[in-house]
Amino acid sequence: MPAATRGRFTSRSHAAARFIAQRGLLKPLVWSLTSVTVLGRERLADVEDAYVVVANHTSHLDTPLIMGALPRRLARYLAVGAAADYFFDVWRRRGLTALFFNAFPVDRTGTNARGVSAKALLNRGVPLLIFPEGTRSRDGSLGAFKPGAAALASSARVPVLPVAVIGAHAAHPRGSNWPKPGRLPVGVVFGEPLTAFPGESRSEFTERVRSAILTLTEENSDRILGVRTTSRRIPEGDRS
């Protein structure tokens, strides 16, 4: 993309600053506070350009875990949808959210639309991370999905990357100010990229994405949560 058309979301200098913030500060902190397992990164080998990461949402750990688990080439320009009424209402929080997560505001109220369009970002080749439940789960269970993320991916003709975040609710539940001590086990599991079928409605595609995340959770929870090692060494294949 020519330099003249680059804004905050695709700026190379901003990406360099985020690399330092994410990989030099945030990831080491989160990985030191929890015991992280990353599965399924081989499923991302053919993913390029724009895409939509869709994940369950139970904790403030979810975003740094996903961004830290993604290969660097896919995380470089990833923009995270963040609640406009919380993350963009105070300038300090707005600045930090933009620095660490390349965040764009998502209006949860329907009464205060912001100037950044998720579809416009996708059309510019900016990949997105969206939590379609709209808010963090109170009990860790998977809630209903709003259709916006699947509809965006379908209209932009880009794949959805389903991601299951496992154990984050136990490690840092909603309402807590800091992860629990003891390096509790958490995991990020990447599923096969999904695209909308011809004629598939946005509600059907949304439910298919939700089912994929539910399956990833059910199939990998025991592996991630059932065995705790004492060394807490990050597997070589999970480093990035």
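Can you tell me which residues in the stretch 49-74 are out of contact with any helix residue (DSSP H, G or I) (no Cβ under 8 Å at 6 or more places or on another chain) and open to solvent by 10 Å² or more (accessible area, probe 1.4 Å)?
So the first thing to find is which residues in the stretch 49-74 are out of contact with any helix residue (DSSP H, G or I) (no Cβ under 8 Å at 6 or more places or on another chain), and the list is 49, 57, 60, 66, 73.
Correct list: ASP49, HIS57, HIS60, ARG73.
Just the residues that are more than 15 Å from ALA212 (Cβ to Cβ), open to solvent by less than 30 Å² (accessible area, probe 1.4 Å) and part of a helix (DSSP H, G or I), please, taken from the stretch 153-176.
The answer is ALA156, ALA168, ALA171.
Could you tell me whether ALA103 is under 27 Å from ASP139 (Cβ atoms) and either modelled with pLDDT under 65 or open to solvent by less than 10 Å² (accessible area, probe 1.4 Å) (or both)? Steps first, please.
Details: under 27 Å from ASP139 (Cβ atoms): yes; either modelled with pLDDT under 65 or open to solvent by less than 10 Å² (accessible area, probe 1.4 Å) (or both): yes.
Against the criterion (under 27 Å from ASP139 (Cβ atoms) and either modelled with pLDDT under 65 or open to solvent by less than 10 Å² (accessible area, probe 1.4 Å) (or both)), ALA103 qualifies.
So which residues in the stretch 194-206 are open to solvent by 50 Å² or more (accessible area, probe 1.4 Å), in contact with a helix residue (DSSP H, G or I) (Cβ under 8 Å, 6 or more places away or on another chain) and either in a loop (DSSP other than H, G, I, E, B) or polar (S, T, N, Q) (or both), if there are any at all? Give the derivation first.
Within the stretch 194-206, the subset open to solvent by 50 Å² or more (accessible area, probe 1.4 Å) is 195, 197-199, 202-204.
Pick out the ones that are also in contact with a helix residue (DSSP H, G or I) (Cβ under 8 Å, 6 or more places away or on another chain) and you get 195, 197, 202.
THR195, PHE197 - these are the residues of the stretch 194-206 that are open to solvent by 50 Å² or more (accessible area, probe 1.4 Å), in contact with a helix residue (DSSP H, G or I) (Cβ under 8 Å, 6 or more places away or on another chain) and either in a loop (DSSP other than H, G, I, E, B) or polar (S, T, N, Q) (or both).
Can you tell which of ALA196, ALA170 is among the aliphatic types (A, V, I, L, M) and touching an Asp or Glu at 6+ places or on another chain (Cβ under 9 Å)?
Numbers: ALA170 fails: touching an Asp or Glu at 6+ places or on another chain (Cβ under 9 Å).
Among ALA196, ALA170, only ALA196 is among the aliphatic types (A, V, I, L, M) and touching an Asp or Glu at 6+ places or on another chain (Cβ under 9 Å).
Within the stretch 12-20, is even one residue of a type in the set (D, E, K, R), open to solvent by 10 Å² or more (accessible area, probe 1.4 Å), at negative phi and at pLDDT 90 or above?
Going residue by residue through the stretch 12-20, those that are of a type in the set (D, E, K, R) are 12, 18.
Remaining after also requiring open to solvent by 10 Å² or more (accessible area, probe 1.4 Å): 12.
Next, from what is left, pick out any that are at negative phi: 12.
Filter once more, keeping what is at pLDDT 90 or above: none.
There is no residue in the stretch 12-20 that is of a type in the set (D, E, K, R), open to solvent by 10 Å² or more (accessible area, probe 1.4 Å), at negative phi and at pLDDT 90 or above.
Looking at the stretch 132-152, which of the residues that are part of a helix (DSSP H, G or I) and in contact (Cβ under 8 Å) with a residue 60 or more places away in the chain is surrounded by the fewest Cβ atoms within 10 Å (Cβ to Cβ)? Outline the logic, then answer.
Initial filter on the stretch 132-152 (part of a helix (DSSP H, G or I)): 148-152.
Now restrict to residues that are in contact (Cβ under 8 Å) with a residue 60 or more places away in the chain: 149-150, 152.
On the way: ALA149: 25, ALA150: 28, LEU152: 22.
Of everything passing the filter in the stretch 132-152, LEU152 is surrounded by the fewest Cβ atoms within 10 Å (Cβ to Cβ).
For residues that are open to solvent by less than 60 Å² (accessible area, probe 1.4 Å) and either part of a loop (DSSP other than H, G, I, E, B) or of a type in the set (Gly, Ala, Ser) (or both), scanning just the stretch 33-48, find the one that is nearest to GLU219 (Cα to Cα). Outline the logic, then answer.
Going residue by residue through the stretch 33-48, those that are open to solvent by less than 60 Å² (accessible area, probe 1.4 Å) are 33-41, 44, 47.
Then keep just the ones that are either part of a loop (DSSP other than H, G, I, E, B) or of a type in the set (Gly, Ala, Ser) (or both); that gives 34-35, 40, 47.
Working: THR34: 21, SER35: 19, GLY40: 12, VAL47: 23 Å.
That would be GLY40.
How many residues does the stretch 30-74 contain that are modelled with pLDDT of 95 or more and basic (Lys, Arg)?
The qualifying residues number 2.
For the stretch 84-96, does any single residue satisfy the condition of being at pLDDT 90 or above, over 15 Å from the mean Cα position of the chain (by Cα) and either outside any loop (DSSP other than H, G, I, E, B) or farther than 25 Å from TRP31 by Cα (or both)? Outline the logic, then answer.
Residues of the stretch 84-96 that are at pLDDT 90 or above, as a first pass: none.
Scanning the stretch 84-96, I find no residue that is at pLDDT 90 or above, over 15 Å from the mean Cα position of the chain (by Cα) and either outside any loop (DSSP other than H, G, I, E, B) or farther than 25 Å from TRP31 by Cα (or both), so the answer is no.
When TYR77 is evaluated against the numbered criteria (1) at pLDDT 90 or above; (2) out of contact with any helix residue (DSSP H, G or I) (no Cβ under 8 Å at 6 or more places or on another chain); (3) surrounded by 20 or more Cβ atoms within 10 Å (Cβ to Cβ); (4) over 22 Å from LEU216 (Cβ atoms), which criterion, by number, is the only one it fails?
(2)
Applying the selection to the stretch 177-190, what residues are in a loop (DSSP other than H, G, I, E, B) and surrounded by 21 or more Cβ atoms within 10 Å (Cβ to Cβ)?
Residues of the stretch 177-190 in a loop (DSSP other than H, G, I, E, B): 177-184.
Answer for the stretch 177-190, where residues must be in a loop (DSSP other than H, G, I, E, B) and surrounded by 21 or more Cβ atoms within 10 Å (Cβ to Cβ): just PRO179.
The values are calculated or read from the model by the stated rules, or taken from the named source; none is laboratory data. Note that the structure is predicted; figures quoted are calculated from it, not measured. No Cβ is skipped: glycine too gets one built from the backbone with ideal geometry, and neighbour counts run over all protein chains shown. Side chains are part of the model used for accessible areas, which takes the heavy atoms of the whole protein and leaves out ligands, DNA and RNA. Shrake-Rupley method; radii C 1.70, N 1.55, O 1.52, S 1.80 Å.
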